[in-house]
Structure formats: structure tokens, C-alpha cells
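The values are calculated or read from the model by the stated rules, or taken from the named source; none is laboratory data. Predicted model only: the values in this text are computed from it and were never measured. For neighbour counting, all protein chains shown are included, and Cβ atoms are generated from backbone atoms with ideal geometry for every residue, glycine included.
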């Protein structure tokens with residue numbers, strides 16, 4: 001089920017909330033949480049019911065793994081690394097089989113010119129998210145973190161529908177204490193902030209992201225079908241996707257915060273205006289923050305982080321980002337995307353080391369340059385991320401740097417300076433409104449505060465809001481009208497078709 | 001691993017309710033205004049238009065003609081059907097209900113379920129849905145060449161259960177809400193107002209009391225493109241023929257008499273090759289219908305009409321429909337006399 005579908009907004013969510021309160025009244029905490037688990041599994045089953053068994057098996061397996069890890073610690077006084085390794089390996093094998101079997105077999109077939117066949121392995125929805133969530137639980141248990149939970153609470157932590165399908169990747173010690181102290185019943189005082197987050201998130205997805213999506217889809221599909229892109233169309237296609245993924249992910253992350261808050265659970269922030277980043281390091285502190293945190297804590301730091309010298313740090317960064325890229329999808333473009341970001345991070349760290357203590361490196365022209373270069377680097381990486389194959393990636397990047405000539409649509413003729421610079425004007429099938437819409441969306445991304453900054457007074461996450469906005473949401477009728485109007489616009493926009501969130505496929 | 005417990009570290013934001021109850025209620029009421037106000041406005045407009053008969057039918061499908069017929073079925077849901085006419089606009093426009101009625105006993109009921117653009121398979125499916133709840137003694141189908149061509153149109157799909165529950169008199173506002181389509185209502189409003197009033201339009205939905213539409217269109221006040229068009233006799237779809245045969249078999253098994261007819265065509269656009277194709281086509285129809293105990297009437301051959309009886313190349317005007325239906329009914333009159341009506 002999609003957050004941006006009528007069935008979710010008008011049936012599943014209201015019914016789940018009302019029944020949750022009803023179960024609390026009738027049967028107390030256990031009944032209410034059992035309902036929430038059942039509702040979350042139904043939410044998952046809407047996509048493909050048989051895979052609920054896989055989720056449940058994974059939960060039981062990891063819950064049992066947690067018990068064993070605690071037992072070995074209490075008996076021998078130290079945790080069993082072998083046990084942890086087996087449990088993590090099984091999780092990764094499961095993820096690897098479902099997500100990468102076809103990819104690896106295809107790669108081996110191509111490299112060795114053989115014809116291995118594993119059939120078509122269907123990727124279960126959200127497997128990357130619930131696997132990572134539970135690996136973090138196992139690793140924390142191994143390290144001795146308090147992790148003795150009731151099975152029902154643990155189930156709820158894993159399958160809670162606001163984060164189940166596309167994150168954020170939550171950690172048990174952040175969520176389970178909240179579940180324990182949850183007052184359960186539907187507290188009306190939480191609804192203003194929760195519904196506002198939901199409305200703004202849905203607006204971001206259905207009005208902003210979905211309106212720009214056709215431009216990127218049309219561009220990348222046409223290059224995939226053999227069209228040779230030109231400079232302008234390549235940039236428009238890329239910037240359209242840059243905007244699409246931004247507002248798509250912002251929308252999902254905001255909706256997840258709002259949905260969880262209805263049930264008195266505060267999620268971690270997952271998104272913090274990443275295009276305002278002045279470096280790639282900062283970009284990864286703002287984009288898919290829960291994944292960055294997971295990769296840092298469970299991969300980069302265990303690999304040694306920056307504690308074993310510069311070279312080892314760069315190697316660790318590359319390994320982490322390559323695997324992070326591969327986590328996104330089974331394809332070489334994702335590996336390259338991860339590798340590219342790994343490279344960016346290495347360059348970023350090297351530059352920081354080189355310019356440390358040099359005043360010129362922090363002057364305002366340089367700061368402007370950092371913003372620009374970071375954004376361009378991210379855009380180039382999005383091309384790799386979005387491209388269906390290496391040919392699309394190569395052609396688009398070539399066109400973006402002008403290797404296919406520099407031409408603009410005819411409506412740019414009014415800017416005579418372009419003509420003097422030798423730009424050609426051609427009949428390119430891109431409308432003025434598309435250009436203006438992309439410019440408007442980029443302006444929002446660059447200059448407007450994000451929803452969590454606006455909502456900082458309502459404290460929508462358990463994390464403090466960094467850089468709170470001067471435009472602050474308040475539970476006033478004016479803000480209610482704004483949020484209600486955003487919801488109406490979002491619902492109307494849904495009538496032209498429902499599209500998946502981009503991160504649903506991961 | 002640092003920061004394992006943010007709550008213990010004091011990172012968890014103040015969990016106390018950020019707003020009081022009265023503030024929250026006020027906020028939620030204001031939040032609902034943008035949601036309720038346009039919805040209420042639209043609902044009021046729909047209620048008003050429905051009450052004055054200007055609201056387009058519920059968009060069960062993309063065909064306003066089909067939707068309007070579904071509304072008629074819903075309105076007449078308590079009326080027993082003794083003779084059911086199904087098919088495309090050939091049945092809707094070319095079958096004169098009054099003439100059919102004159103050939104039936106006085107207290108029997110006829111319902112014309114014909115609708116624009118239906119292919120044979122769609123007509124058969126619709127008939128089978130109607131027959132789940134109704135028990136007519138006979139089914140009449142007037143066919144034209146286009147009924148058998150490949151189905152290239154979209155928008156005539158519907159959910160059977162939904163259709164049945166609508167025509168059985170389900171809660172009307174629920175169907176309006178379930179199928180709500182602002183663009184349809186906006187464009188459909190003007191169209192439906194005209195179509196319900198006038199029989200001078202090819203798309204007329206000014207149903208007579210039997211559900212048919214007798215067109216009031218006469219040469220030279222015709223659409224010349226339609227007037228000079230030629231029936232497509234070449235691109236017939238085998239699946240439509242199969243559907244026709246299955247339908248005849250279905251009616252035979254249900255012991256429902258089946259009377260099918262080929263509607264007349266304007267002679268001028270029909271050349272010798274087309275005439276020969278028509279002959280073969282009618283012979284095939286006759287074979288199928290008669291093999292399943294029905295009767296077939298070849299209106300193309302046995303009811304030659306001049307141009308004054310046509311609205312276009314295949315649709316008859318009211319006078320044409322009267323002539324054709326009379327000839328059709330006269331031909332099957334002996335069979336009609338043997339019918340045992342169940343109501």
C-alpha cells in the first residue's frame with residue numbers, strides 16, 4: 001500500500017487509528033499493539049500477501065538471535081562473535097539472494113559467457129529496510145546494549161508501517177522505549193502537528209515531485225530508446241530528476257514522521273535540505289540520514305573508520321559507499337553511484353586536510369563555489385543513479401558537459417547574450433513552463449526551510465531540529481488553513497495517478 | 001558505539017503534548033475547512049443538478065451512453081422484463097419499442113438495454129449480468145457490422161459487482177463518491193442536457209419508455225461524414241463471433257428465445273463486394289442463431305429502405321426504425337406467439 005493512495009489516506013489510516021484507540025480501551029496496551037502489528041502486516045500484505053511470511057520468519061529468527069546473544073553473554077560473560085556472525089550472515093544471505101541473485105548471475109554469465117539460471121527472483125518489498133533494522137538490533141545486542149524486549153514490542157518495532165517500506169532505518173533503542181511509554185490512546189493534542197506533517201509530506205510527493213517526474217522519465221526513457229541527448233535536454237532531464245527525488249524523499253520522510261507521531265512515536269529525521277550542503281560530507285549528513293548513520297555505525301566504524309591512517313580511511317570510505325550504492329539496487333549504475341560518492345568523500349576529506357587553517361578557503365566566493373560544486377557533483381551522481389544502463393549514463397554526462405554541442409530551445413533566443421556566446425537555438429521539445437517549474441522547485445530546495453525546520457516547535461522527532469526556521473508552525477487557524485489546503489491540493493493531484501515513492505524499490 | 005540511548009542522553013524532545021485540547025480542536029476544525037468547503041460545495045452542486053435532471057449519470061464506465069442506460073436500469077429495477085433487447089446503437093436506435101410491444105401480449109414489458117459502441121462480447125456480458133436477476137422469455141439483438149470489428153476503444157470496462165449493486169438500487173451518493181470524476185461531470189453536464197432532450201443528435205439519450213431512442217434526423221440535415229461512411233465488413237474479430245455464438249448457446253441453455261436481426265444499411269455506399277460480404281455475414285449469423293434454436297432476420301436483404309429512412313449509413317431515423325422493426329416483428333411473429341411469459 002502506498003502512503004499516497006486513496007485507500008491508505010481515506011480507509012487504512014483512519015480505520016487503523018480508530019481501531020487502535022478502540023483496542024486500547026477494550027483490551028489495553030497488548031490489544032492495541034497487536035492491532036497495530038496486524039494493521040502493519042496488512043499494509044505490507046497489500047503488495048504481496050505471501051511475503052508476510054518472510055517478514056515474520058525474519059522477525060522470529062532475529063528475535064531468537066537476540067535471545068541467544070544475551071544468553072551466551074550471561075553464561076560466558078562475553079558475547080559470542082561467531083553467533084553474531086552467523087546471524088548477520090543469514091540476514092545478508094537472505095537479502096543477497098532476493099536482491100542480488102539475478103544481478104550476480106547475470107554478471108557471471110556475461111563475464112564467463114555461460115548460461116547459469118536461477119529463474120526470476122522477485123524482490124520482496126522493504127527487505128533492505130527490515131534487514132538493516134534487525135542487523136542493527138543484533139549488533140547492539142552483541143555490544144551489550146539493553147535489548148530484552150517482548151516479542152510483540154519487537155514485532156511492532158520492525159513492522160510499524162510508517163517506516164516499514166522505505167525507512168527511516170530505525171534502531172531499537174530509539175523506538176522501543178517510546179513504545180513502552182506510549183499512552184496508547186489517540187491523543188487529540190498530537191493530531192495538529194501529525195496531520196500537518198502528513199499534509200505537507202503528501203503535498204511534497206503528489207504536487208511537487210510527481211509534477212516534475214514526467215520530464216525526467218521522458219528524458220531518460222527516450223535516451224534509453226536510443227535518442228542522442230543534447231546539452232539542454234540532458235540538463236533539464238537531470239535537474240528534473242534532481243528535483244523529483246528531492247521532493248519525493250522529503251515527502252516520504254515527512255509523512256513517516258507525521259504518521260508515527262499520531263501513535264505517539266517519534267522517528268529520527270531522515271532528510272534535512274540536502275541541496276543546501278556545502279560539501280559532500282554535509283550532503284550525507286542531510287540526505288537519507290538514517291542510512292548514512294547505519295553505514296557509519298555498522299560498516300565504516302567497524303572497518304576502522306578514520307582511526308587507522310589516511311589511506312585506510314579513504315579505503316574504508318570507498319568500501320562503505322560502494323556497499324551503500326549496492327544497497328540501493330542490484331545494478332552496476334548503483335555501484336558506480338556509490339563509488340562516485342565514495343570518491344567525492346575522499347576528495348572532500350583530502351581538500352579539508354589541505355586547506356585547514358587557510359583563510360582564503362573560507363572566503364565567501366569560495367563558500368559559493370563549494371555550494372555550486374557540491375550541487376553539480378550530486379546532480380552528476382543522480383544521472384548515474386537514474387540511468388537505466390551505462391549507455392544512458394554516458395550519453396547524458398557527455399551531453400551535460402557539451403560534448404554533443406551546446407544548443408538551447410528557441411524561446412531562449414530572447415537572451416541575446418547566449419547567441420553571442422555561440423549557443424545554437426533549436427526546436428527542442430521542452431516547454432518554457434518545464435524550465436520555469438524546475439527553477440521554482442530548485443528555488444524551494446535552495447532557499448526555503450524544510451518542513452521539520454518549520455515544524456520545530458512541535459518537536460516532530462526525538463532528535464533536536466538543527467537550524468530551526470524563523471517561519472515557525474503554530475497550532476493556529478491560519479496554519480490549519482494552509483495545511484488543510486495543502487492536503488486538498490495533494491489529494492486532488494492524486495487523482496491524476498498514483499506513483500510509487502522512489503525509495504520503495506529499495 | 002556512541003549514543004546508544006538518546007532518551008537517556010536527554011536527546012528526546014519534550015514528549016509532553018505541545019498544544020492544549022481546545023487549541024487542538026480549533027486547529028482541526030480549521031484544518032477541515034479547506035477539505036470540507038470544496039467538498040460541500042461540489043456535493044451541493046451535484047445534489048442540485050441531480051434534482052433538476054441535469055447531472056450526468058454516475059461514471060461507472062467512460063461511456064456516457066452506457067452509464068445513462070445503467071441509470072435507467074436502476075430506475076426501472078422493480079419492473080419485470082419479459083423481452084430484453086441488447087446490443088449496440090443498432091439496437092438502441094433501430095429497434096422501435098412501440099412496434100415490438102404491439103406484437104407482444106398487453107401486459108408484457110420490454111426493456112431496450114442497447115448502448116453506443118458496445119461490441120457483441122460487451123452486449124452479451126451486459127445481457128448476462130441483467131439475466132442474473134431478471135427472467136425474460138426472449139432476448140432481441142439487432143446487429144450491425146461494427147459490432148463485430150476489433151475492439152479498439154477503451155473505457156467500457158466496469159466491475160460486475162459494482163454494476164449490479166448500482167442497478168439494484170445501491171446508495172446513490174456512494175456511487176457518485178466512489179466514481180467521482182470532476183472532469184467527467186464538467187464535460188458531461190452540457191452533453192447530457194442536450195442528449196436527454198433532443199433526438200436530433202446522433203448521441204441522443206432521450207430514451208422512450210422502453211429504453212430505446214428513435215432518432216429525429218433526416219437527410220439533408222445529417223452529418224455528411226457519417227452519411228457517406230461505409231460499414232467495416234473486413235476487420236471482423238473472431239473473438240466477437242465466438243462471443244456471439246457463446247451468447248446464443250447461453251440463451252438456448254437458459255431456454256430463453258433469441259431473436260437476432262441484421263439492421264439495414266444505406267444502399268448507396270454499398271458496392272457489389274460489400275453486398276457479397278454482407279450476404280455471407282448474414283448467412284453466418286443465421287446459421288449460429290438457428291443452430292441454437294433462435295430466429296434470424298436479415299434486414300439488409302429483406303427490408304430494403306431508401307435514404308429517407310436513414311440518419312447515417314447504418315442508423316435509422318424514427319420512420320426507418322418503425323419500418324425495420326415492423327418487418328422484423330412480422331417475420332418472427334409466429335415464434336413470438338409461442339412464447340411463455342413468466343410474469
Of the residues that make up region B:139-160, is at least one more than 30 Å from residue B:229 (Cα to Cα), surrounded by 24 or more Cβ atoms within 10 Å (Cβ to Cβ) and over 15 Å from the mean Cα position of the chain (by Cα)? no
Being in contact (Cβ under 8 Å) with a residue 12 or more places away in the chain and either within 14 Å of another protein chain (Cβ to nearest Cβ) or in a loop (DSSP other than H, G, I, E, B) (or both) is the filter here; which residues of region A:430-447 pass it? A:430
Right, residue A:482: within 14 Å of chain B (Cβ to nearest Cβ), surrounded by fewer than 20 Cβ atoms within 10 Å (Cβ to Cβ) and either modelled with pLDDT of 85 or more or closer than 30 Å to residue A:98 by Cα (or both) or not? yes
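Condition check: under 22 Å from residue A:411 (Cβ atoms), away from chain B (no Cβ under 14 Å) and outside any helix (DSSP H, G or I). Does residue A:214 satisfy that?
Taking the combined requirement at face value, the residue does not satisfy it.
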Could you look through region B:51-78, keep only residues that are assigned to a helix (DSSP H, G or I) and without any contact (Cβ under 8 Å) to a residue 24 or more places away in the chain, and pick out the one that is farthest from the other protein chains (Cβ to nearest Cβ)? B:75
Given (1) surrounded by 17 or more Cβ atoms within 10 Å (Cβ to Cβ); (2) at pLDDT 90 or above, identify the lone condition not met by residue A:64. (1)
Can you give me the ranges of the helices (runs of 4 or more DSSP H) entirely in region A:105-206 with at least 2 residues that are within 11 Å of another protein chain (Cβ to nearest Cβ) and buried (at least 24 other Cβ atoms within 10 Å of the Cβ)? A:172-181, A:191-203
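Got a sec? Which of B:128, B:122 is in contact (Cβ under 8 Å) with a residue 24 or more places away in the chain, surrounded by fewer than 20 Cβ atoms within 10 Å (Cβ to Cβ) and assigned by TED's automatic domain parsing to the domain that holds residue B:313? Spell out how you get there, then give the answer.
Working: B:122 fails: surrounded by fewer than 20 Cβ atoms within 10 Å (Cβ to Cβ).
Answer to the selection: B:128.
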Residues of region B:293-336 being in contact (Cβ under 8 Å) with a residue 40 or more places away in the chain, assigned to a loop (DSSP other than H, G, I, E, B) and crowded, with 18+ Cβ neighbours inside 10 Å, in sequence order, are B:294, B:305, B:311, B:312, B:313, B:314, B:315
Inspect region A:21-32 for any residue being within 29 Å of residue A:248 (Cα to Cα) and in contact (Cβ under 8 Å) with a residue 12 or more places away in the chain and give the result as yes or no. no
Please find, within region A:485-505, the residue that is farthest from the other protein chains (Cβ to nearest Cβ) out of those that are assigned to a helix (DSSP H, G or I) and free of Cβ contacts under 8 Å to residues at least 12 places away in the same chain. A:492
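So for region B:88-109 (the condition being more than 13 Å from the chain's Cα centre (by Cα), closer than 22 Å to residue B:157 by Cα, part of a loop (DSSP other than H, G, I, E, B) and more than 14 Å from chain A (Cβ to nearest Cβ)), does at least one residue qualify?
Step one: filter region B:88-109 for residues more than 13 Å from the chain's Cα centre (by Cα), giving B:94-109.
Okay, now just the ones that are also closer than 22 Å to residue B:157 by Cα, so none.
No: region B:88-109 contains no residue that is more than 13 Å from the chain's Cα centre (by Cα), closer than 22 Å to residue B:157 by Cα, part of a loop (DSSP other than H, G, I, E, B) and more than 14 Å from chain A (Cβ to nearest Cβ).
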Within region B:2-48, of all residues that are surrounded by 13 or more Cβ atoms within 10 Å (Cβ to Cβ), more than 7 Å from every other protein chain (Cβ to nearest Cβ) and outside any helix (DSSP H, G or I), the one modelled with the highest pLDDT is B:15
Whether any residue in region A:456-475 is more than 14 Å from chain B (Cβ to nearest Cβ), without any contact (Cβ under 8 Å) to a residue 60 or more places away in the chain and buried (at least 16 other Cβ atoms within 10 Å of the Cβ) is what I want to check. yes
Which condition from (1) in a loop (DSSP other than H, G, I, E, B); (2) in contact with a strand residue (DSSP E or B) (Cβ under 8 Å, 6 or more places away or on another chain); (3) surrounded by fewer than 21 Cβ atoms within 10 Å (Cβ to Cβ) is the one that residue B:266 breaks? (3)
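Scan the helices (runs of 4 or more DSSP H) fully inside region A:290-393 and keep the ones with 1 or more residues being more than 29 Å from residue A:442 (Cα to Cα) and away from chain B (no Cβ under 14 Å).
A:310-328, A:332-355
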Scanning for something part of a loop (DSSP other than H, G, I, E, B), under 24 Å from residue A:174 (Cβ atoms), in contact (Cβ under 8 Å) with a residue 40 or more places away in the chain and within 14 Å of chain B (Cβ to nearest Cβ), does region A:254-263 turn up at least one residue? yes
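Kindly state which helices (runs of 4 or more DSSP H) lie completely within region B:150-245 and contain at least 3 residues that are at pLDDT below 90 and farther than 24 Å from residue B:129 by Cα.
The qualifying helices (runs of 4 or more DSSP H) are B:182-197.
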